[in-house]
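The values are calculated or read from the model by the stated rules, or taken from the named source; none is laboratory data. Not measured: the values here are computed from a predicted model. So basically every Cβ, Gly included, is an ideal-geometry build from the backbone, and we count neighbours across all protein chains shown. Ligands, DNA and RNA are excluded from the accessible area calculation, which covers all protein heavy atoms including side chains. Shrake-Rupley method; radii C 1.70, N 1.55, O 1.52, S 1.80 Å.
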Amino acid sequence: APYPSDQCIHELFEAQVRRAPEAVALVHEDEELSYGELNARANRLAHHLIALGVRPDQPVAICLQRSPAMVVGLLAILKAGGAYLPLDPAYPSQRLRQVLEDAAPRLMLCDAAGRQALGPEALAGLTVVDLEPATPAWAELP
């Protein structure tokens, strides 16, 4: 099937949510998320990112271990209109800092592995959103 080039990836994802909200979208270790739940989490975080000032095409760094939170973060950045800047916490710290310096994002989504990989100096000038809390600040957003 040809790829619909007139739609963004998050729009294609939302179409799948409408078709099968209860279907399993993501499996990681012993955790499963349906399309509906994944979409709801991404929407809540997207609202939070917009409140933090994310605007269309603004780079938003994301430095997380592979996890459901990483997928939620990527979708949320796209839904907020931002451009995601993926940073792998397994990369050398110096390389991650170079990418951050070149791209100059104002906001970063991360977890403990991301914070450790980057170090406190690299995070000093950024607004950092931690995706690890069990009950994040945006949990009650629409």
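Just the residues that are of a type outside the set (A, V, I, L, M) and more than 15 Å from R66 (Cα to Cα), please, taken from region 23-42. Within region 23-42, S34, Y35, G36, E37, N39, R41 meet the criteria.
For region 1-59, a residue qualifies if it is open to solvent by less than 30 Å² (accessible area, probe 1.4 Å) and assigned to a loop (DSSP other than H, G, I, E, B), and the qualifying residues are A20, G53, V54, Q58.
Examine region 124-137 for a residue that is open to solvent by 20 Å² or more (accessible area, probe 1.4 Å) and at positive phi, and state whether such a residue exists. Checking region 124-137: not a single residue is open to solvent by 20 Å² or more (accessible area, probe 1.4 Å) and at positive phi. The set of residues in region 74-105 being in a loop (DSSP other than H, G, I, E, B), open to solvent by 80 Å² or more (accessible area, probe 1.4 Å) and touching a helix residue (DSSP H, G or I) at 6+ places or on another chain (Cβ under 8 Å) consists of A90, Y91. Contact map, region 73-87: first residue in contact (Cβ under 8 Å) with a residue 60 or more places away in the chain, second residue among the hydroxyl-bearing types (S, T, Y) and surrounded by fewer than 19 Cβ atoms within 10 Å (Cβ to Cβ), Cβ cut-off under 8 Å, separation 6 or more or different chains; pairs are L78/Y84. Of all residues in region 13-38, how many are under 21 Å from A80 (Cβ atoms) and modelled with pLDDT of 80 or more? Looking only at that region, the number is 12. Can you confirm whether L64 is open to solvent by 30 Å² or more (accessible area, probe 1.4 Å), closer than 22 Å to D30 by Cα, touching a strand residue (DSSP E or B) at 6+ places or on another chain (Cβ under 7 Å) and of a type outside the set (F, W, Y)? So L64 does not fit the description; no.
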